[in-house]
């Protein structure tokens with residue numbers, strides 16, 4: 001297999017997306033955007049501490065991109081929640097072996113429900129407090145599909161988008177229903193919130209952005 005980062009960027013180009021996984025992997029673009037950023041408004045959300053994997057087709061509203069994994073509200077469909085980050089096939093095996101929690105959050109017709117078959121690793125209160133305002137850290141089934149989802153999140157207006165998404169292994173199918181950004185809008189930083197833009201300016205100023213370190217951190221976390 002080739003470099004998953006390069007493969008994800010090629011996939012983005014072939015699917016009409018701006019090829020950006022994170023500004024922290026692109027120091028040149030980070031510097032340019034930090035100089036004259038035009039961010040979007042901050043989005044209010046309650047962050048769920050653990051991780052979420054799409055099951056079947058979902059509709060998401062991304063609220064915070066520029067990182068892997070991005071954060072999103074669930075609008076429709078099912079997300080499987082997990083304490084540990086691992087490839088989806090390994091996750092299913094771990095659930096069967098009782099080495100991972102068995103929890104699914106589901107939204108149908110704007111109604112949210114939880115399927116709590118086993119909660120051992122995750123904080124039980126955090127699971128019980130999940131609501132429509134909860135933002136989930138959305139992963140793909142593999143490192144490559146996780147990178148693809150991160151790219152999609154950088155091509156929409158935070159909090160003002162709807163994306164239909166399905167993931168199977170390394171394959172990601174999507175349709176941006178609302179909130180798509182044009183290329184020049186991405187380059188202006190509209191995929192960032194105001195708070196993210198302020199953080200980016202500080203990080204660029206004190207020169208802490210090291211793409212190699214960020215890349216290795218993502219690989220270590222998601223592989």
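The values are calculated or read from the model by the stated rules, or taken from the named source; none is laboratory data. Everything quoted here is computed from the prediction, not taken from an experiment. Here Cβ is always computed from backbone atoms with ideal geometry, including for glycine, and neighbour counts include all displayed protein chains.
Summary of values
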quantity	calculated
Which listed residue is farther than 18 Å from residue 70 by Cα, over 16 Å from the mean Cα position of the chain (by Cα), modelled with pLDDT of 95 or more and surrounded by 15 or more Cβ atoms within 10 Å (Cβ to Cβ), from 188, 197	188
Residues of the stretch 99-111 that turn out to be exposed (fewer than 11 other Cβ atoms within 10 Å of the Cβ) and in a strand (DSSP E or B), as a count	2
Selection count, the stretch 175-193, where residues are free of Cβ contacts under 8 Å to residues at least 40 places away in the same chain and in a strand (DSSP E or B)	4
Selected residue [exposed (fewer than 15 other Cβ atoms within 10 Å of the Cβ), more than 20 Å from residue 173 (Cα to Cα) and under 15 Å from the mean Cα position of the chain (by Cα)] from 47, 41	47
Test: residue in the stretch 152-163 that is under 18 Å from residue 30 (Cα atoms), touching a helix residue (DSSP H, G or I) at 6+ places or on another chain (Cβ under 7 Å) and either in a helix (DSSP H, G or I) or touching a residue at least 60 places away in the same chain (Cβ under 8 Å) (or both)	yes
Filtered residue count, the stretch 112-145, keeping only those that are assigned to a strand (DSSP E or B) and under 26 Å from residue 6 (Cα atoms)	3
Residue pairs meeting the criteria (Cβ under 7 Å; at least 6 apart or on separate chains; first touching a residue at least 24 places away in the same chain (Cβ under 8 Å), in the stretch 125-140; second in a helix (DSSP H, G or I))	138/149; 139/146; 140/146; 140/148; 140/149
Test for residue 86: is it free of Cβ contacts under 8 Å to residues at least 60 places away in the same chain and within 17 Å of the chain's Cα centre (by Cα)	yes
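Yes/no per residue for (1) closer than 26 Å to residue 60 by Cα; (2) in contact with a helix residue (DSSP H, G or I) (Cβ under 7 Å, 6 or more places away or on another chain); (3) surrounded by 16 or more Cβ atoms within 10 Å (Cβ to Cβ):
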site	(1), (2), (3)
179	yes, no, yes
193	yes, no, yes
209	no, yes, yes
213	no, no, no
218	yes, no, yes
